[in-house]
Amino acid sequence: MPRMLDVSDDVRAEIGDEEADRLLAGETAPGSYDCTSCRTPGDSEQERTSTVLFIGDETAVLAFAHAGCLPSQVVQVTEEQLKGAVKSITGDTADLEPDTTVPEQAVLGVTSGLVLIGGELYPALVVEPTAPIARPGTTGGGGDDFLPLLIEQGFMPLTELSAVPPVLHGWSVLLAVGQLHAVLQPGQNGGRPVAWWQAHEPLQVTDGWRAAANKRQQALMFAAPVGSIGRQPREDLLRDALDKAAANGKLVAAALPLAGT
């Protein structure tokens with residue numbers, strides 16, 4: 001049975017016309033699947049579904065997402081992410097290489113707010129996962145590696161919010177049409193940037209946040225392990241939570257340039 005699939009030109013170019021046509025005809029595409037973005041069930045026979053192609057250094061895996069969560073696209077990932085994933089997609093997606101799995105994407109909560117440092121307001125993003133983050137290639141159960149992984153990428157540990165963290169070159173915040181779309185990290189071997197975090201739907205930011213970001217052409221990103229910050233309804237409470245996390249040695253940060261307008 002034909003599927004309600006979106007196959008972008010980029011995906012078609014990678015998998016070839018024959019494979020794309022087989023997908024659209026329902027020969028190789030599943031009916032039901034787990035959305036690679038929001039992780040909830042989807043049905044390509046009943047709702048628009050995006051094909052998302054994950055490409056590593058040696059392998060590639062085709063996954064599926066609700067069209068409302070992600071557009072059909074090609075996503076560059078590391079081979080380690082592909083091989084180290086713990087969720088098997090056998091029966092959920094069409095494998096382009098045998099015995100591969102889709103990368104298990106961490107569920108990251110992102111909050112925007114203005115943070116006062118040195119008497120000046122800065123646009124900030126606060127990132128906190130919903131569960132401990134295991135190092136790619138491990139089976140989990142070994143603690144939370146979220147902060148060590150970010151420190152290895154160049155984020156700085158903070159003990160207090162007394163100064164603006166240094167700029168982390170190669171990373172950026174994608175702000176387009178006044179909305180927050182993604183946090184980008186450097187691509188493999190100097191390739192084009194890839195999404196480290198991508199919003200299911202573009203996030204609205206306040207006029208004040210957007211004005212501050214455009215003025216400084218950057219945003220500060222703070223990250224803390226699960227349970228350190230929480231969802232704070234006011235910026236003063238968010239600042240209090242950041243101060244507490246820093247004092248407890250559970251906060252890293254960097255200034256990220258803006259990408260987009």
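Just so you know, all these numbers are worked out from the coordinates, no wet-lab data involved. Keep in mind it's a predicted model, so treat the numbers as computed, not measured. Here the Cβ is made from the backbone with ideal geometry for all residues, glycine too, and neighbour counts use every protein chain on show.
A few remarks follow.
- Efficiency of FRET from Cβ geometry, D243 and L108, R₀ 22 Å, rounded to 0.05: 0.55
- Counted by neighbouring Cβ atoms within 10 Å, the residues S50, S162, S32, S228 run from fewest to most as S162, S32, S228, S50.
- Gain on full stretching of the segment that runs from R22 to V167 - 0.36 nm per residue minus C-alpha separation: 47.6 nm
- Over all Cα atoms in the range 195-261, the spread is summed up by Rg and Dmax: 13.3, 36 Å.
- Residues within the reach of a label modelled at I117 (point 7 angstrom out along Cα to beta-carbon, backbone nitrogen below 12 Å), restricted to the range 208-231, are 218-223.
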